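Down below is the structure, laid out as structure tokens.
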Amino acid sequence: MKPYVLLNSAMTVDGKIATESSAMKISGDADLIRVHKLRKDFDGIMVGINTVIIDNPKLTVHKIDAKKEDNPVRIIIDSRARTPLDSLVLNDAAETVIVVSERASKENVNKLSEKCNVIICGESHVNLKEALSKLYDLGIKSILLEGGSTLNFSMFKDKLIDEVSICIGSKILGGTHSKTFVDGKGFKISECINLELKKIEKIDKNDVVLTYTTNY
Ligand SMILES: NC(=O)c1ccc[n+]([C@@H]2O[C@H](COP(=O)([O-])OP(=O)(O)OC[C@H]3O[C@@H](n4cnc5c(N)ncnc54)[C@H](OP(=O)(O)O)[C@@H]3O)[C@@H](O)[C@H]2O)c1
């Protein structure tokens with residue numbers, strides 16, 4: 001069994017979610033509130049290790065009224081156990097699970113284990129199917145996936161995403177090295193993911209949120 005997964009992101013009109021090396025505010029305040037309401041509804045919130053290293057996010061519900069118990073479990077996909085020990089995701093605001101692979105150094109795993117739950121799935125990279133199955137067994141029945149581009153690709157590739165909500169912020173970023181909504185190796189045309197449009201919502205003055213289900 002696997003948790004239900006909603007991929008949520010904000011991208012510019014030209015499909016970028018960040019510059020090559022830093023985060024940027026893409027959508028407006030109403031979208032941030034929408035995302036924090038979503039976070040409150042999910043058991044877990046998942047990101048890739050690069051997002052932790054680049055953005056140092058809290059991954060908690062803090063833009064709306066919330067209690068500590070409203071915070072989802074923070075899940076970091078981190079094959080080599082590189083999560084910095086002073087990352088905000090390791091503070092005591094919420095529980096954290098770091099998913100590593102067998103190639104993670106024992107030393108790093110031991111240090112991280114003092115601060116959070118560390119689980120091992122996969123040999124060189126995190127085996128995402130196995131990870132989701134283990135997370136389900138830990139009681140995490142729903143996950144809000146919040147990127148970045150590389151993890152988004154792998155999660156689509158393994159057909160683990162059930163629903164997508166994407167806020168298109170009224171900006172153009174450009175740049176061949178900027179991160180896009182889904183990067184990774186990309187799909188062959190015959191293998192691209194088909195989506196079914198469920199909802200179109202105007203938000204803030206100039207942004208729009210599109211909601212899709214996946215159709216594998
Ligand atoms: N606008 C938005 O909504 C939004 C949201 C989130 C992030 N972002 C941006 O996205 C950027 C980061 O994206 P990113 O693509 O560089 O990194 P990422 O997706 O956050 O993390 C990717 C890393 O996860 C690890 N990983 C382990 N197992 C994996 C697997 N099976 N599949 C995929 N990844 C796996 C890999 O590193 P190891 O091999 O070391 O494990 C991989 O390099 C940041 O700049 C951030 O600001 C934007």
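Here are some notes:
- For the range 53-58, backbone phi angles converted through the Karplus equation (6.51, -1.76, 1.60; θ = phi - 60°) give residue-by-residue couplings of 5, 7, 9, 6, x, 7 Hz, Gly and Pro being listed as x.
- Amide H contacts under 5 Å for Lys179: Ile17, Ala18, Thr19, Glu20, restricted to partners 5 or more places along the chain or on a different chain, H placed in the peptide plane at 1.01 Å from N.
- Residue of Ile33, Ile168, Ile98 that the Gaussian network model of the chain assigns the largest fluctuation, springs spanning Cα pairs under 10 Å: Ile33
- Proximal charge balance of Lys205 [Cβ under 15 Å; K/R count +1, D/E count -1]: -1
- Over the range 4-215, relative contact order from alpha-carbon pairs under 8 Å, at least 6 apart, %: 30
- Taking amide hydrogens as placed 1.01 Å from N in the peptide plane, the amide H of Asn117 sits under 5 Å from those of Thr96, Ile98, each at least 5 positions away in sequence or on another chain.
- Whole-Å distance, taken between Cα centres, linking the range 133-188 and the range 10-68: 12
- Under the convention that each Lys and Arg Cβ holds +1 and each Asp and Glu Cβ holds -1, the size of the dipole of the chain around its Cα centre is about 160 debye.
- Rounded to the nearest 10 degrees, the inclination of helix 29-41 to the longest alpha-carbon principal axis of the chain is 40 degrees.
- Full-stretch length increase - Lys40, Asp183 - with 0.36 nm per residue and alpha-carbon distance subtracted: 48.7 nm
- Packing around the peptides 8-16, 88-96, 39-47, 144-152, taken as the average count of other Cβ atoms within 10 Å per residue, puts them in this order, highest first: 144-152, 39-47, 8-16, 88-96.
- For the chain, the convex hull drawn through the C-alpha positions has a volume of 121 cubic angstrom per residue.
- For the set Lys40/Lys141; Lys115/Lys179; Lys129/Lys185, the pairs lying more than 22 angstrom apart at their alpha carbons are Lys115/Lys179.
- Placing a pseudo-label 7 Å from each Cα along the Cα-to-Cβ vector at Ser133 and Lys205 gives an inter-label distance of 5.1 nm.
- Measuring r between the beta carbons of Ser170 and Glu95 and using R0 = 35 Å, the FRET efficiency lands at 0.45.
- Helix 128-137 vs. the chain, principal-axis angle (Cα, 0 to 90°, nearest 10): 70
- Restricting the range 160-216 to trypsin sites (Lys or Arg not before Pro) in coil, as DSSP defines it, with at most 10 other Cβ within 10 Å: Lys185, Lys188, Lys205
All of the numbers you see were taken from the coordinates with simple rules; none came from a lab. Note that this is a predicted model, so its numbers are computed, not measured. In this analysis, Cβ positions are derived from the backbone assuming ideal geometry, glycine residues included, and neighbour counts consider all displayed protein chains.
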